[in-house]
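Heads up: the structure comes next, in structure tokens.
The values are calculated or read from the model by the stated rules, or taken from the named source; none is laboratory data. Remember, predicted model here, so these are calculated numbers, not experimental data. Note that we place each Cβ from the backbone using ideal geometry, even for glycine, and neighbour counts take in every protein chain shown. These area figures cover heavy atoms from the full protein model, side chains too; ligands, DNA and RNA do not enter into them. Shrake-Rupley method; radii C 1.70, N 1.55, O 1.52, S 1.80 Å.
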Amino acid sequence: FLETAAYFCMKPKMGEKEVSPHSFFSIWHEFSSDFKDFWKKENKLILQERVKEAEEVCRQKKGKSLYNIRPKHDSGIVSKIRSNT
């Protein structure tokens, strides 16, 4: 624990000889809860952006037809019979 506190440059409070676990983890708890809240907000924004992109792609695909309609050519038997009469 003391090595971890030294790694994060924690100094003991006034009147204490060493960093207490309570003081270290109270600061760590505040940091982790703030980080978690920020993480959730950031993920929510990213999700909203992805939904907008997906909706735009869907709109673009709906705008384009999935198949092409070609004009009908008169090359069958019925057209030959009609042209002979």
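Calculate for the chain the 222 nm mean residue ellipticity that helices alone would give, adding -39,500 (n - 2.57) per DSSP H run of length 4 or more and normalising by residue count, nearest 500 deg cm²/dmol.
-23000 deg cm²/dmol
At 1.4 Å probe size, with every protein chain present, just tell me what the per residue accessible area of the chain comes to in Å².
Details: 8840 Å² over 85 residues.
Computed with neighbouring chains in place, this is 104 Å² per residue.
Hey, any idea what % of region 1-83's accessible area is carbon plus sulfur with a 1.4 Å probe?
Numbers: 5120 of 8570 Å².
Here carbon and sulfur together make up 60 percent of the probe-accessible area.
Just the projected area, averaged over all directions, of the convex hull on the alpha carbon atoms of the chain: how many nm²?
Averaged projected hull area, Cα only: 11.4 nm².
With axes computed from alpha carbons, what is the tilt in degrees of helix 21-63 against the longest principal axis of the chain, rounded to the nearest 10 within 0 to 90?
10 degrees
Could you tell me the number of lysine pairs in the chain with C-alpha atoms less than 16 Å from each other, where the two lysines are 8 or more residues apart or belong to different chains? Working shown, then result.
Values: K36/K44; K44/K52; K52/K61; K52/K62; K72/K80.
Lysine pairs meeting the criterion: 5.
Counting Lys and Arg as +1 and Asp and Glu as -1, each charge on the Cβ, what is the dipole of the chain about the Cα centre in debye, to the nearest 20? Present the calculation step by step, with values, prior to reporting the outcome.
Details: 17 positive and 12 negative charges, 240 e Å.
That gives a dipole near 1160 debye.
Just grab the label-to-label distance for E30 and E3, each label 7 Å out from Cα along the Cβ direction, in nm (one decimal).
2.8 nm
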